[in-house]
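First comes the structure, then the notes that go with it.
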Amino acid sequence: MATIIVVPGDPVQNEGKPEAVCYRVKKDGKSCVYATAYQLRSEEWESGKGGMTIPDEATGRKLEIITIRDYILRETDALRRTAWQQEHRYSCCTAHDIVESFRVYMIRYKMCNLLALIEKGLRESGRIRTAQTYHTTANRLRAFLSERPIWMNGGYRDDIHIIHFTPELMLAFEGWLRGNGLVPNTVSFYMRILRAAYNRAVEEHAVDDLRPFRRVYTGMERTVKRALSAKVIRKIRDIDLEGEKEIAYARDMFMMSFYLRGMSLVDMASLRRSNLEGNRLTYRRSKTGQKLTVLWTREMQALIAAYPRNDTDYLLPIIRRSSSNVHYAYRHECARINAGLKELATRIGLKGKLTMYAARHSWASIAQMKGVPISVISKGMGHDSEKTTRIYLAELDKNVVDRANATVMKALNSGMG
């Protein structure tokens, strides 16, 4: 049975200098050493016990030593688990086998590495949008960790192992995100991605579930759906943008989304010429995989006819080069369209933001106001059930009620009736 002790690296060679903290695994009379990134001075070792002496506050090292001690306790527990697994799985495992298995574990289950692994799997399965959320979360986490001392990250500069995920770490990350101007729903988004990755590690028995996310916000605040009236949609459609290529392009993609019953930009960017047969456009929603068919109208045809045909087989002028990295080309166009819509909102005097999502909300709202049955709206939007559509329209219903109340107040103030 393997034994594990914490030892300094080489006190003779490093006399008078900080010594690396090492984990020595001994089995069947042989030993193997795993060197960590932690360093302690000779006076900080508890002689003969393989532990640490906590210095007084005056040295400025007290918090650092306490943190390193806690990290070492977690890592040696993980090393003991690795040793137990290796000994029960392989009858001839050696101390070297245990250390090498632990070395792989310490690399694989660094959080940013784990996020990258999940992202790779999502990309290979075609789930590009979901993959991007893991990529973005990893970047945010790296930026947060890069601002902390390396010893606070378990010896890593811009990553941290999952065994060091604690409620305190997540609270610090939440505070950092909020301090960078992120709204609660966005903060929650990053926390939920990290929690999903952490839960995957728990399922793989890489870590015990210590519920590190229990103190941070992982809910979703209801956001107000911004639906535009038919009058505003006409204003967007008819505004003269002669010579203003960027704004006109954003306006055209917004209107195309509206014409296509609120199709998402990622689905629009993915449309191929082969999706259009005769006067029918057939595609699958990237979010749900549901197959939808839309009647191709003269408004849609006139819109794409205004753009020169490119060398790709994409239907719309979003991805325009066959050699493009589709993922990065889409991100670039998304940013370009959002910038154009921001300027367009100013031009038409619209209060608040104008986004591509508004096309979807507006189509549903106008259809509802014109008496289109919920079942038809649900089918047109590609919802799995009418219940989803009713939830989607619930916020929009408030606008109708507000307008009705305004009519009543107007009647009261004018003395009518």
Can you tell me the FRET efficiency between ARG284 and HIS96 if r is taken as the Cβ-Cβ distance and R0 is 60 Å, rounded to the nearest 0.05?
0.70
Let me know the charge dipole size of region 41-157 about its Cα centre in debye, to the nearest 20, where only the beta-carbon of Lys, Arg (+1) and Asp, Glu (-1) is charged.
680 debye
Net charge dipole size for the chain [Lys, Arg +1 and Asp, Glu -1 on Cβ; Debye, nearest 20]
2040 debye
Unit charges on C-beta of K, R, D, E only; dipole of region 317-391, Debye:
180 debye
How large is the helix-only mean residue ellipticity at 222 nm for the chain, computed as the sum of -39500 (n - 2.57) over DSSP H runs with n ≥ 4, divided by its residue count, in deg cm²/dmol to the nearest 500?
-17000 deg cm²/dmol
Accessible area (Å², per residue) of region 269-345, counting only protein heavy atoms and a probe of 1.4 Å:
60 Å²
Towards the positive end of the charge dipole of the chain, with charges on Cβ (+1 Lys, Arg; -1 Asp, Glu), say which of TYR314, ALA335, SER188 has the farthest Cα.
TYR314
Label model pair LYS26, LYS231: point-to-point distance (7 angstrom along the Cα→beta-carbon line) in nm is 8.6 nm
Spelling out what I want: for every residue of region 359-369, take phi, set θ = phi - 60°, compute 6.51 cos²θ - 1.76 cosθ + 1.60 (Karplus), and round to whole Hz; glycine and proline get x.
5, 5, 4, 5, 4, 5, 5, 5, 4, 5, 5
Defining a contact as two alpha carbons under 8 Å apart and six or more residues distant in sequence, what relative contact order in percent does the chain show?
10 percent
In percent, what relative contact order does region 81-171 have, based on Cα pairs under 8 Å that are 6 or more apart in sequence?
23 percent
Evaluate region 129-275: find the radius of gyration of its Cα atoms, find its Kirkwood radius, and give the ratio Rg to Rh.
1.13
Round to a whole angstrom and tell me the spacing of the C-alpha centers of region 129-143 and region 162-185.
14 Å
For region 31-143, report the accessible area per residue in Å² (1.4 Å probe, heavy atoms, rounded to an integer).
53 Å²
Heavy-atom accessible area of region 240-337 with neighbours in place, 1.4 angstrom probe: carbon+sulfur share in percent works out to 48 percent
From the cross-link list LYS235/LYS353; LYS342/LYS387; LYS231/LYS342; LYS287/LYS387, which pairs have alpha carbons spaced over 26 Å apart?
LYS342/LYS387
Given R₀ = 56 Å, FRET efficiency for ILE5-ARG298 by Cβ-Cβ distance, to 0.05?
0.10
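The values are calculated or read from the model by the stated rules, or taken from the named source; none is laboratory data. In this text, all values refer to a predicted model and were calculated from it rather than measured experimentally. When we count neighbours, we look across all protein chains shown, and the Cβ atoms used for this are built from the backbone with ideal geometry, even at glycine. We work out accessible area using only protein heavy atoms, side chains counted, and drop any ligands, DNA or RNA first. Shrake-Rupley method; radii C 1.70, N 1.55, O 1.52, S 1.80 Å.
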